[in-house]
Structure formats: C-alpha cells, structure tokens
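A short worksheet on the structure shown next.
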Amino acid sequence: MPIGCQETTAAPAGHELRLLDPATLGDQLDRLYRAALSYCHGSRERAEDLVQDTYARVLSRPRFLRGDDDVGYLLRALRNTWISEHRRASRRPAPADQPEEMEDASALQPQEIMESRLVYEAIAALPPHFRDALIAVDVTGLRYREAAVGLGISEATLTSRLFRARGRVADALSNHA
C-alpha cells in the first residue's frame with residue numbers, strides 16, 4: 001500500500017465510506033448548540049464549551065462516515081464528549097463555594113429565564129435514552145428517521161422514547177407550576 005493511503009474495509013452497498021468535510025461542520029453549529037444547552041442545564045457558557053470541545057475532538061483527525069448523516073455523527077460525538085466530561089468532573093472534588101451561574105438577562109425577561117431553566121433541568125434529569133431522543137428531535141430539530149439513525153435505534157423505539165420523554169418533562173414542569 002502506498003505511503004499516506006489508508007486502508008478502508010468494504011462497506012455494504014449504499015453505505016460507502018466518505019470523509020467528513022470540516023468545511024461543512026459550521027452548518028450544524030446551531031443544532032449542536034441547542035443540544036448542548038439541554039445537556040448543560042441551559043448554561044450558555046458550558047454549552048459553548050461543550051460544542052467547542054466536540055469540534056476539537058472531531059477535527060483532531062480525519063473522520064470517515066457511512067452515508068450522509070453528518071448531524072447524527074456530530075450529535076453522537078457531542079453526547080460522547082459530554083459523557084466524558086461529566087465522568088471526568090465527577091471524579092474531581094467540587095469547590096465548596098460555587099457561585100450561581102448568571103444568564104444573559106438583556107434579551108430575556110426574568111420569567112422567560114426561569115421557564116427555560118426549568119425546561120432544561122427537566123430535560124437533563126431524564127434517563128439518558130429518553131434525554132437523547134428528546135434532544136435529537138425536539139431540541140435539534142432532526143426528523144425521526146435522522147434521529148433514529150444517529151442514535152442507532154429503530155424509528156419505533158425513538159417514537160416510544162420520545163413520547164415517554166415528553167410526558168416526563170410535562171410532568172416535571174406541571175409539578176413546578
């Protein structure tokens with residue numbers, strides 16, 4: 001094999017490997033940021049850091065994908081980055097005096113800030129498989145098929161998880177009312 005060439009395994013018909021184009025990753029920034037907000041309990045700063053860390057990981061080396069599901073791959077990478085950071089942070093002792101995170105209140109009214117915090121807290125409190133389904137469809141706006149492929153589950157499983165996740169979020173919000 002010539003130097004610099006990478007060997008790829010033969011993929012099934014219709015699932016050829018292709019190189020992820022770094023130039024197109026910016027197209028998914030808004031979706032990833034919305035998903036990161038859900039993982040980070042609505043904290044803008046932590047969400048921005050999570051998206052930045054995800055892009056740094058993805059861009060650190062060439063990535064080969066099957067099909068044309070860039071956003072599904074990026075959502076999995078975001079989720080995996082969040083899990084890694086969450087595990088790393090759980091091994092560190094928490095500072096004794098941690099100030100409350102401040103939102104940028106210039107654009108929102110206090111009631112809107114409180115409501116969005118409650119929604120993000122309710123989403124973050126969901127079991128991981130429900131949370132991932134809800135973030136993929138309701139937060140990032142993926143179609144059911146795209147979300148199912150990105151999460152590696154069937155559409156029927158996604159629909160079921162999404163239904164249960166929405167119910168749990170609604171219950172959590174009605175308990176705060």
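Side notes on the structure shown:
- Only one entry in ALA89, ALA94 is in a helix (DSSP H, G or I), farther than 30 Å from ARG66 by Cα, out of contact with any Leu (no Cβ under 6 Å at 6 or more places or on another chain) and modelled with pLDDT under 90, namely ALA89.
- Which numbered condition ALA35 fails, given (1) surrounded by 14 or more Cβ atoms within 10 Å (Cβ to Cβ); (2) farther than 18 Å from LEU151 by Cβ: (2)
- Subset tally (residues that are closer than 18 Å to ASP30 by Cβ and charged (D, E, K, R)) for segment 47-73: 5
- The set of residues from segment 159-177 being over 15 Å from VAL139 (Cβ atoms) and of a type in the set (Gly, Ala, Ser) comprises SER160, GLY167, ALA170, ALA172, SER174, ALA177.
- Restricting segment 36-77 to residues that are over 12 Å from the mean Cα position of the chain (by Cα) and among the aliphatic types (A, V, I, L, M), the residue that is nearest to ILE153 (Cα to Cα): LEU65
- Residue match in segment 97-119 (condition: at pLDDT 85 or above and within 30 Å of LEU17 (Cβ to Cβ)): no
- When ALA165 is tested against (1) within 15 Å of HIS41 (Cα to Cα); (2) surrounded by 15 or more Cβ atoms within 10 Å (Cβ to Cβ), exactly one condition is not met: (1).
- Matching residues, segment 28-45, being in contact (Cβ under 8 Å) with a residue 24 or more places away in the chain and of a type in the set (D, E, K, R): ARG31, ARG34, ARG44, GLU45
- Check on VAL137, touching a Gly at 6+ places or on another chain (Cβ under 9 Å), part of a helix (DSSP H, G or I) and closer than 16 Å to ASP69 by Cα: no
- Of all residues in segment 123-142 being over 11 Å from the mean Cα position of the chain (by Cα) and buried (at least 22 other Cβ atoms within 10 Å of the Cβ), the one that is farthest from GLY42 (Cα to Cα): LEU142
- The set of residues in segment 59-82 that are surrounded by 14 or more Cβ atoms within 10 Å (Cβ to Cβ), within 23 Å of LEU134 (Cβ to Cβ) and not charged (D, E, K, R) comprises VAL71, GLY72, TYR73, LEU74, LEU75, ALA77, LEU78, THR81, TRP82.
The values are calculated or read from the model by the stated rules, or taken from the named source; none is laboratory data. These figures come from a predicted structure and were not determined experimentally. Neighbour counts are summed over all protein chains in view; Cβ atoms, including those assigned to glycine, are modelled from backbone coordinates with ideal geometry.
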